[in-house]
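The structure appears right after this line, and notes come after that.
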Amino acid sequence: MGGMDSAYMRHLIAGGETALVEFKVAPPRVVDLATRICGFANGDGGSIILGVADRTWDVVGVKDSAAGDASVVACRRASYSLRPTSRPCSLGGRKG
């Protein structure tokens with residue numbers, strides 16, 4: 001997995017939560033993470049930043065290495081669940 005430049009991370013945090021940036025104090029449950037990833041995938045993309053308070057934008061970090069490991073596992077599991085597919089279909093005589 002690739003990392004993110006710390007200056008760019010600070011820039012994203014300074015801009016607060018937007019349609020493209022979401023803060024989480026702790027790693028979300030796998031199903032919640034998958035839902036958020038799907039939302040970003042259906043839009044213009046985005047970033048989920050762990051260890052940042054939602055309302056204050058304070059960088060609090062993750063509580064321990066297990067939380068960091070949990071986020072990696074959650075991302076891997078979510079990626080296994082998200083397999084984009086393309087299936088042609090016809091609606092009203094028009095192909096899509």
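The values are calculated or read from the model by the stated rules, or taken from the named source; none is laboratory data. Only a predicted model underlies this, so the values are computations on that prediction, with no experimental measurement involved. Backbone-built Cβ (ideal geometry, glycine too); neighbour counts: all protein chains shown.
Look through the stretch 10-27, keep the residues that are surrounded by 15 or more Cβ atoms within 10 Å (Cβ to Cβ) and out of contact with any helix residue (DSSP H, G or I) (no Cβ under 7 Å at 6 or more places or on another chain), and return whichever of them is modelled with the highest pLDDT.
Out of the qualifying residues, it is E17.
Only one residue in D58, D54, D44 is under 13 Å from the mean Cα position of the chain (by Cα) and either among the hydroxyl-bearing types (S, T, Y) or modelled with pLDDT of 80 or more (or both). Which one?
D44
Scan the stretch 14-28 and give yes if some residue there is part of a helix (DSSP H, G or I), within 20 Å of V72 (Cβ to Cβ) and among the hydrophobic types (A, V, I, L, M, F, W, C), otherwise no.
No - not one qualifying residue is present in the stretch 14-28.
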